[in-house]
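The structure appears right after this line, and notes come after that.
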Amino acid sequence: MHKRIIFAVAAVMVALMLICGCTGTTSDPTPVETQQLRIATTTSLYDTKLLDHLTPIFEEKYNAEVLIVSAGTGKAIEYGQNGDVDVLMVHDRAREDAFLADGYGTDRRVFAYNYFVLVGPESDPAGIKGMQPEAAFTAIRETGMADGSDVVFVSRGDASGTHSKEKAIWKGAGFNYSADVQGSGDWYQEAGTGMGATLTMANEKQAYTLSDIGTYLAYKGDLDLVTLVDEGDILLNVYCAMQINPEKYPDINSTVAKDWVNFMISDDVQKEIASFGVDQYGQPLFYAAQDDWEKIGVPQAEVKDPIA
Amino acid sequence: MYEIIEGFLEAIRLIVTLDPDVMAIAARSIIISLTATIIATLFAVPLGAAINFSTFPGKKSLINLIQTLYSLPTVVVGLLIFLLISRVGPFGFLRLLFTPTAMVIAQTVLVLPILTGLTISALSGVDPVIRDTLYSLGATRLQFLINIMKEARFAILAAVAVGFGRAISEVGAAILVGGNIMASSFASSTRVLTTAISLETSMGNISQSIALGIVLLVIALGVNLAIARVQHR
């Protein structure tokens, strides 16, 4: 009996090894070793399925396997600081600058941009339609703090790039974020989650939220929220890719990381980005950054020059 | 209401047609949690036996501590393992973060206390008459151990099932150390049933979530039925 149990356990373990072994070989038929590339990305690039669309092209071309961890820009930057990933794809210029200055990242390239939109219920209880972003935020806060109001603003609340932008708009509207906005009442709710999940939550609560246009369009079919504010310079949203500095973490996969960044600014992929989602949503989710560097205020080298 | 019914119908379609995504996620869940449970069992049963059959000061407190760890929060285990295996952590050089191996480690740590504790209960629950008989018949230490284990085997098996249930149903540690990755190869992906349900629900893909939830329940049911069968044989 005792022996039988030992045999049973041994058999299960061997079976497991076989399963693992099989999956390993079937997924890796080429004799050349497949390189793994770990990317930490902002949720909007993931939730819109843009990366799902681009990774198979890259994997085939470079014989690499792309592993994507989707997290807000803040979290992604933390993963980058720890050297847990090879590439960052984020959209928060100020924090990127700090990240680069601290020597964690290198070779930033801007590959896409779009705009943030302020979405909310069609009834628009705060009456913000067509306002400038700062004025709209002020109106939401005022009506939200009034007694018996049903105005709610759902914030990402996760230190993401979108959350940074939201804070910048509050600041632009003349408010101190932590004192005047956070904790100023039930009207302001922090979701602490990704863009798609935040939109779903805002939809349930019929609340206002700030979203990048890409994720909003990708989720629009399931939402009753409409775009209320989509004009204003502050709403510009610029996406970049950069590799983690190999001088800081010598054993990160620098070659394939470079390949990825260069891939993102290559002509073919720029075309893919510009046309992505047009069939499905009737308008692009992202604009290619290649020829618009002046418009979005970044150096030409960051959109054009491949990393050496 | 309509959405729920629609979700259920779609979920059943996904299961009946053996949707490859759903099946891959389910298979990954089973492999990771089963591996973790087996490893934990290999540690927990000898450890439980050692604690149960020896007498030492503080034994009672140790058992209390182990029982307290039954309710070890999964995210705390996740955080602990994350800190250990992140690049800047002591085991960072192994580059285990965001791999299925990391999830196995986390789940092993998670179920180790419950398996150890239930092994102790199983062994101490063996009828004292049997113990006395073994002694009086002059059994050697090894014979004694083997026979007590044999008596307690069903209770230990039940403990293993409980451990597996905890491993496969947890989401906190899996998402922290696994990262919920869907890669092109099966072995590099870390998306399991629980993390997928969490993601799909937050993204509004209710039918996918329901399908994955049903699969999770079916697995739990299957394990329990299998255990019940063995026990009644």
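The values are calculated or read from the model by the stated rules, or taken from the named source; none is laboratory data. As the structure is a computational prediction, the values presented were derived from the model and not from experiment. Every residue, glycine as well, gets a Cβ built from its backbone with ideal geometry; the counts of neighbours run over all protein chains shown.
Restricting B:77, B:104, B:111 to those that are assigned to a helix (DSSP H, G or I), touching a Gly at 6+ places or on another chain (Cβ under 6 Å), in contact (Cβ under 8 Å) with a residue 40 or more places away in the chain and under 28 Å from residue B:189 (Cβ atoms) reduces the list to B:111. Take the conditions more than 14 Å from every other protein chain (Cβ to nearest Cβ), within 30 Å of residue A:54 (Cα to Cα) and within 23 Å of the chain's Cα centre (by Cα) and apply them to residue B:158. Does it pass? When the stated conditions are applied, residue B:158 does not pass them. A single entry from B:198, B:184 fulfils the requirement of being without any contact (Cβ under 8 Å) to a residue 60 or more places away in the chain and not in a helix (DSSP H, G or I): B:184.
Does residue B:45 satisfy the criteria of being in contact with a Ser or Thr (Cβ under 8 Å, 6 or more places away or on another chain) and crowded, with 16+ Cβ neighbours inside 10 Å? Talk me through it step by step, then tell me what you get.
Numbers: in contact with a Ser or Thr (Cβ under 8 Å, 6 or more places away or on another chain): yes; crowded, with 16+ Cβ neighbours inside 10 Å: yes.
Yes.
Close contacts from segment B:22-36, counting a first residue that is more than 12 Å from chain A (Cβ to nearest Cβ) and a second that is in a helix (DSSP H, G or I) and polar (S, T, N, Q), with Cβ to Cβ under 8 Å and a gap of 6+ residues or different chains, come to B:22/B:208; B:29/B:194. Scanning segment B:147-181 for residues that are in contact with a Leu (Cβ under 8 Å, 6 or more places away or on another chain) and part of a loop (DSSP other than H, G, I, E, B) turns up B:170, B:179, B:180, B:181. Would you check if residue B:152 is in contact (Cβ under 8 Å) with a residue 12 or more places away in the chain, in contact with a Pro (Cβ under 9 Å, 6 or more places away or on another chain), among the hydrophobic types (A, V, I, L, M, F, W, C) and within 13 Å of chain A (Cβ to nearest Cβ)? No; evaluated as a whole, the condition is false for this residue.
The residues of segment A:200-225 include none that are crowded, with 24+ Cβ neighbours inside 10 Å, of a type in the set (Asp, Glu) and within 12 Å of another protein chain (Cβ to nearest Cβ). Screening segment A:180-199 for residues that are more than 14 Å from every other protein chain (Cβ to nearest Cβ) and part of a helix (DSSP H, G or I) and picking the one that is farthest from residue B:199 (Cα to Cα) gives A:180.
One line per residue, one yes/no per condition, for (1) away from chain B (no Cβ under 13 Å); (2) closer than 24 Å to residue A:245 by Cβ; (3) over 15 Å from the mean Cα position of the chain (by Cα); (4) at pLDDT below 95:
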residue	(1), (2), (3), (4)
A:46	no, yes, no, yes
A:54	no, yes, no, no
A:63	no, no, yes, yes
A:76	no, yes, no, yes
A:97	yes, yes, yes, no
A:112	yes, yes, no, no
A:118	yes, no, yes, no
A:135	yes, no, yes, no
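Restricted to strands (runs of 3 or more DSSP E) entirely inside segment A:200-266, those with at least 3 residues that are in the same structural domain as residue A:54 (by TED's automatic domain parsing) are A:236-244.
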